[in-house]
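Take a look at the structure below.
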Amino acid sequence: MQHKRRILIVGGGIAGLTLGYWLKHHGAQPTIIEQAAQRRAEGYGIDLSGSGWDVAQRMGILAELERRQMQVEALIIKNSHGQTIVKQPLAPLREALPHPMLHLMRPELEAVLAAALPPDLPVRYATTIVDLHQHAEYVDVGFNDRSRQQFDLVIGADGIHSQTRQLVFGPESQFARPLGYTFATFKIPTLADYGANATMLIEPQRQATIYPDRQGGFLMMLAYRSPQTSLPTPDQRKAMLQAAYHNAGWIIPQLIDSINHESAFYCDVISQIRMPRWSQGRVSLVADAAHCLTLISGQGAATAMGGAYVLAEELAKTADHQASFQAYEQRMRLFVERKQAGARRVALTFVPRTRLGVQLTRLMMRAAFSPRLARSIGKRIGFDSVLAMA
């Protein structure tokens, strides 16, 4: 890198931590800020492959990630009476996929990325930007502690509800495209006799999955069809889920009732972010802030790591930040748009609308465990790597 650029990274999640690592690697002086008071405990299970696998390998963290994998042995589907109607071991499916994959909890991935940062690159928690003014040679940034600081560049890695995007590009409503679902994830009381399995209930318009974390506990993820484009206030969200699942089968209503302040509860509308450009002046966006794929894609974390790597690499090539931002976007945009289009296709059938649709989904899940179909699905989903396209 031609000079030690002072670069502010807004957001200490997967994209921000990866970007900080690689900017430092290339000789820049990054600063990472994160609005949470500490690293978040909430989050859902993710499959890390493709771009994420390649970046993790180059960072030398694959072995630690493999050690932290979730040990999920089988997929179980229940009916509304709690009876098991499908049970399939996951090992044959993993072996049939045409690419390596790690099954992780999102907080575990963030913990490993944070530990990989050099000691002189700390994450400043409980810190947000409140205003941002661009000048010819620098960006002047105001923080929530009333301090101000100047940076050469600012990168928004602050997620789907990006404050950086709001300040520079305008309201989220211009760019958010809801896919017709709301989801939630939270810790649930320890369950007996569930073991290392992912257990699902699929009903018309909604689904629920219980799966083990790596600490001997369990989490639940809910996803249901919903026309809403925004959420009620946090104190009303439990009631929202109770209403959506009030007559659900099995033990789902009781588990929703168990949500409390210790549940690491996270909830949001499933939306994509689609923008005509990802940079303006000395500010650029990365990952969900620029192009949220949604959890339906199954590739948000991997693409976040890949995008952060590409952005850092392009910034290292030239002192012309606008040329770097343009090159970064050229390398990433078609890749991202293809992933977004795939997620929209999956969204059409992500949760079946009717009882017949539920029956068909169960049959498809049975069939997906055959080696031939598993390979076909893996190729169609496309866990490819943007790094391989460089």
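The values are calculated or read from the model by the stated rules, or taken from the named source; none is laboratory data. Owing to the predicted nature of the structure, the values given are computational and were not obtained by experimental measurement. Glycine gets a Cβ as well: all are built from the backbone with ideal geometry, and neighbour counts include every protein chain shown. Ligands, DNA and RNA are excluded from the accessible area calculation, which covers all protein heavy atoms including side chains. Shrake-Rupley method; radii C 1.70, N 1.55, O 1.52, S 1.80 Å.
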Open item on the list: Going by what's in this entry, would Y224 be described as part of a strand (DSSP E or B) and in contact with a helix residue (DSSP H, G or I) (Cβ under 6 Å, 6 or more places away or on another chain)?
Closed with: yes
Task: Q236, sole failed condition from (1) without any contact (Cβ under 8 Å) to a residue 40 or more places away in the chain; (2) more than 23 Å from the chain's Cα centre (by Cα); (3) not in a helix (DSSP H, G or I) - done: (3)
TODO: Quick one: in segment 260-284, of everything that is part of a loop (DSSP other than H, G, I, E, B) and at pLDDT below 95, which residue is least open to solvent (accessible area, probe 1.4 Å)?
DONE: S263
- [ ] Kindly indicate the residue of segment 331-390 that is open to solvent by less than 80 Å² (accessible area, probe 1.4 Å), modelled with pLDDT of 85 or more and of a type in the set (S, T, Y) and also farthest from G307 (Cα to Cα) among those meeting that condition.
- [x] T354
TODO: Tell me, yes or no, whether segment 298-316 has at least one residue that is open to solvent by 50 Å² or more (accessible area, probe 1.4 Å), of a type in the set (A, V, I, L, M, F, W, C) and touching a residue at least 40 places away in the same chain (Cβ under 8 Å).
DONE: no
- [ ] Specify the residue that is most open to solvent (accessible area, probe 1.4 Å); the eligible residues are those in segment 110-148 that are hydrophobic (A, V, I, L, M, F, W, C) and farther than 29 Å from V168 by Cα.
- [x] A115
TODO: Sort out which residues of segment 115-146 are aromatic (F, W, Y) and assigned to a loop (DSSP other than H, G, I, E, B), and write them in order of number.
DONE: Y125, Y138
Task: Count of residues meeting criterion [more than 21 Å from the chain's Cα centre (by Cα) and touching a residue at least 12 places away in the same chain (Cβ under 8 Å)] in segment 241-276 - done: 15
TODO: Can you give me the number of residues within segment 8-48 that are buried (at least 18 other Cβ atoms within 10 Å of the Cβ) and in a loop (DSSP other than H, G, I, E, B)?
DONE: 7
Task: Residue within segment 88-95 that is of a type in the set (K, R), in a helix (DSSP H, G or I), open to solvent by 40 Å² or more (accessible area, probe 1.4 Å) and at pLDDT 90 or above present - done: no
Task: Residue pairs meeting the criteria (Cβ under 6 Å; at least 6 apart or on separate chains; first under 26 Å from P227 (Cβ atoms), in segment 156-178; second modelled with pLDDT under 95 and open to solvent by 50 Å² or more (accessible area, probe 1.4 Å)) - done: P178/T229
